[in-house]
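Taking it in order: structure first as C-alpha cells, then the write-up.
Just so you know, all these numbers are worked out from the coordinates, no wet-lab data involved. Since the structure is predicted, the reported quantities are computational estimates derived from the model, not experimental observations. Quick reminder, even Gly has a Cβ in these numbers, built from the backbone with ideal geometry, and neighbours come from all protein chains shown.
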Amino acid sequence: MKCIRIVIHGKVQGVFYRQYCVAEALRLGITGYVKNLPDGTVEIIAQGDNNALQQLCEWCKIGSPRSKVDRIETFDLQLEKLDGFRIIKE
C-alpha cells in the first residue's frame, strides 16, 4: 500500500477530467481525491497498491476524452486514512 500525489498539466480543467478520474480510481480500488488547482492543473491524492497506482498514472497521461495532457508529475506521500474517492471543490 502506498500514497502518491499526481499533478496533471495541460488542458485538464473544464473537460470532465475529474469526473472520469473518479470513475477510473473507483474501478481500480483506489482511495483519495481529485481537485482543480488555481494554476490550471489537476491534483490527485491516491492511495492503493502499487499496480493500481501505476495503472492510474497511465490513465492520467490520457485523461478524459476532451482533455489534452502535456505531462504529469508524481510525488510519494505518507499513508493517510482515506475512504472512497471523490472530487474536492474549493
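The mean sequence separation of alpha-carbon pairs under 8 Å and at least six residues apart, normalised by the residue count of the chain, gives a relative contact order of 47 percent. Think of the chain as having a plus end and a minus end, set by charges on the Cβ of Lys, Arg, Asp and Glu; of Leu53, Gly40, Phe16, Phe16 sits farthest toward the positive end of this dipole.
Using only Cα atoms and rounding to the nearest 10 degrees, what angle (0 to 90) does helix 50-60 make with the longest principal axis of the chain? Once rounded, one gets 10 degrees.
If each DSSP helix of 4+ residues adds -39,500 (n - 2.57) and the sum is divided by the residues in the chain, what number results at 222 nm, nearest 500 deg cm²/dmol?
Helices in the chain give a 222 nm mean residue ellipticity of -8000 deg cm²/dmol.
Charging the Cβ of each Asp and Glu at -1 and of each Lys and Arg at +1, and nothing else, the dipole of the chain about its Cα centre rounds to 300 debye.
3J(HN,Hα) along segment 12-20: 10, 10, x, 10, 6, 4, 5, 5, 5 Hz, from the Karplus curve 6.51 cos²θ - 1.76 cosθ + 1.60 with θ = phi - 60°, whole Hz, x for Gly and Pro. Would you please give the FRET efficiency between His9 and Leu77, computed as 1/(1 + (r/R0)^6) with r the Cβ-Cβ distance and R0 = 30 Å, to the nearest 0.05? The value I calculate is 0.95.
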